[in-house]
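To keep things clear, I will list the structure first and then write my remarks on it.
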Amino acid sequence: MDHASRLLSAIVLGLGLATGAQGQDAPVSGKEITEQWVGKSAIGRTPNGTPATLQLRADGTVTIASGSAVLDTGTWRAWDRGYCTTWKTIRAGQERCFTTIRSGRLITVLNPDGSVSGFFDEIQ
């Protein structure tokens, strides 16, 4: 097991024990994201604790912000294991697809290499 997998497992286990969550992690599908996230704010943080808010819109546009500062805008699409984004400046406009996994209330967002991109704990 590589370092990122061990770290993710420890985080998920710790959160599960702290919240009393039972059961296994469950994927969050692109269909679920489209049905439950679009038009709302996904509120969470980056792995280093920086607050982050993701807003997916029905027209395929997306905004990422930290506090009141918009960090970037771009486009998004549903993907069978989560969602994909193409930002105007982040990653020089290259698309990246993220796997999303739910453990209790926490949704962990994973990069293509399995490292943690961030966490969402509220969709409002």
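Do you know which residues across the stretch 85-120 are at pLDDT below 95, in contact with a helix residue (DSSP H, G or I) (Cβ under 9 Å, 6 or more places away or on another chain) and exposed (fewer than 15 other Cβ atoms within 10 Å of the Cβ)? Hit for the stretch 85-120 is R105, nothing else.
Does any residue of the stretch 60-77 turn out to be small (G, A, S), under 15 Å from the mean Cα position of the chain (by Cα) and either surrounded by 15 or more Cβ atoms within 10 Å (Cβ to Cβ) or modelled with pLDDT under 95 (or both)? Scanning the stretch 60-77, I find at least one residue that is small (G, A, S), under 15 Å from the mean Cα position of the chain (by Cα) and either surrounded by 15 or more Cβ atoms within 10 Å (Cβ to Cβ) or modelled with pLDDT under 95 (or both), so the answer is yes. What pairs come up if the first residue lies in the stretch 43-61 and is assigned to a loop (DSSP other than H, G, I, E, B), the second is of a type in the set (D, E, K, R) and surrounded by fewer than 17 Cβ atoms within 10 Å (Cβ to Cβ), and their beta carbons are under 9 Å apart, counting only those six or more places apart or on different chains? That search, which allows pairs on different chains as well, returns G60/R77. For the stretch 62-100, enumerate the residues that are without any contact (Cβ under 8 Å) to a residue 12 or more places away in the chain and under 19 Å from S115 (Cα atoms). Scanning the stretch 62-100 gives R91, Q94, E95. Scanning the stretch 103-112 for residues that are over 10 Å from the mean Cα position of the chain (by Cα) and farther than 17 Å from S41 by Cβ yields S103, G104, P112.
Name the single residue that is surrounded by the fewest Cβ atoms within 10 Å (Cβ to Cβ) among those in the stretch 28-49 being modelled with pLDDT under 95 and touching a Gly at 6+ places or on another chain (Cβ under 9 Å). By that ranking, first place goes to T46. The number of residues in the stretch 73-84 being in a strand (DSSP E or B) and either touching a helix residue (DSSP H, G or I) at 6+ places or on another chain (Cβ under 9 Å) or under 18 Å from P27 (Cβ atoms) (or both) comes to 8.
The values are calculated or read from the model by the stated rules, or taken from the named source; none is laboratory data. This structure is a prediction, so every number in the text was calculated from the model and none was measured. Note that we place each Cβ from the backbone using ideal geometry, even for glycine, and neighbour counts take in every protein chain shown.
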